[in-house]
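Visitor: Okay, here's the structure, questions in a sec.
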Amino acid sequence: MNVELHDIIVDELCDQKSIAALIWLISQGRELEASYQKRTFFISFHNSAGRVSIWIDKQEQAFNSVEELIEAAEINGNKLIDIWNDIHIDTLF
């Protein structure tokens, strides 16, 4: 069985909700749709702009890195890093 590194990291994000896997995948151009308290949000990296954004209800919060987004982005008044364990991962694009 030939397992790709990328697939292992995807499984790490989806099965274990690894923040390190999230950082790597978003930095590699993947996009994430997830939800928290019935609010759906979308995280994407804009390579040409050199920034990463989280979109919640058509409102963008933009950051210089995935790490900064994880530490500073807010959903319902809560920092993403503080509520990460309560997030439901819907789709990894």
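Visitor: What number of residues in segment 70-93 are within 11 Å of the chain's Cα centre (by Cα), assigned to a helix (DSSP H, G or I) and in contact (Cβ under 8 Å) with a residue 40 or more places away in the chain?
Guide: Here the count works out to 3.
Visitor: Now for a different question. Going by the conditions given, is Val3 in a loop (DSSP other than H, G, I, E, B) and without any contact (Cβ under 8 Å) to a residue 60 or more places away in the chain? Give the derivation first.
Guide: Numbers: in a loop (DSSP other than H, G, I, E, B): yes; without any contact (Cβ under 8 Å) to a residue 60 or more places away in the chain: yes.
Criteria met by Val3.
Visitor: Here's another thing I want to ask about it. Filter segment 73-82 down to the residues that are small (Gly, Ala, Ser) and open to solvent by less than 40 Å² (accessible area, probe 1.4 Å) and list them by number. Don't jump to the end; show me each part of the working.
Guide: Applying the first criterion (small (Gly, Ala, Ser)) to segment 73-82 yields 73, 77.
Scanning segment 73-82 gives a single hit, Ala73.
Visitor: Taking Asn85 and the conditions (1) open to solvent by less than 60 Å² (accessible area, probe 1.4 Å); (2) under 26 Å from His6 (Cβ atoms), which numbered condition does it fall short on, given that it satisfies the others?
Guide: (1)
Visitor: Right, next: Identify all residues within segment 42-66 that are more than 12 Å from Leu92 (Cβ to Cβ), open to solvent by 30 Å² or more (accessible area, probe 1.4 Å) and within 10 Å of the chain's Cα centre (by Cα); write none if there are none.
Guide: Answer for segment 42-66, where residues must be more than 12 Å from Leu92 (Cβ to Cβ), open to solvent by 30 Å² or more (accessible area, probe 1.4 Å) and within 10 Å of the chain's Cα centre (by Cα): just Phe45.
Visitor: So, one more: For segment 1-41, what are the residues that are β-branched (Val, Ile, Thr) and either surrounded by 16 or more Cβ atoms within 10 Å (Cβ to Cβ) or over 16 Å from Trp55 (Cβ atoms) (or both)? Give the steps one after another, and end with the answer.
Guide: From segment 1-41, those β-branched (Val, Ile, Thr) are 3, 8-10, 19, 23, 26, 40; that's our starting set.
Listed by number, the residues that qualify are Val3, Ile8, Ile9, Val10, Ile19, Ile23, Ile26.
Visitor: Against the definition (part of a helix (DSSP H, G or I) and not charged (D, E, K, R)), how does Ile54 come out, yes or no? Walk me through how you get there before you give the answer.
Guide: Working: part of a helix (DSSP H, G or I): no; not charged (D, E, K, R): yes.
Spelling it out, it is not the case that Ile54 is part of a helix (DSSP H, G or I) and not charged (D, E, K, R).
Visitor: Another one. When Ala62 is evaluated against the numbered criteria (1) assigned to a loop (DSSP other than H, G, I, E, B); (2) touching a Lys or Arg at 6+ places or on another chain (Cβ under 8 Å), which criterion, by number, is the only one it fails?
Guide: (1)
The values are calculated or read from the model by the stated rules, or taken from the named source; none is laboratory data. Only a predicted model underlies this, so the values are computations on that prediction, with no experimental measurement involved. Glycine also receives a Cβ, built like all others from the backbone with ideal geometry; neighbour counts cover every protein chain displayed. Heads up: the accessible areas ignore ligands, DNA and RNA and are worked out on the full protein's heavy atoms, side chains in. Shrake-Rupley method; radii C 1.70, N 1.55, O 1.52, S 1.80 Å.
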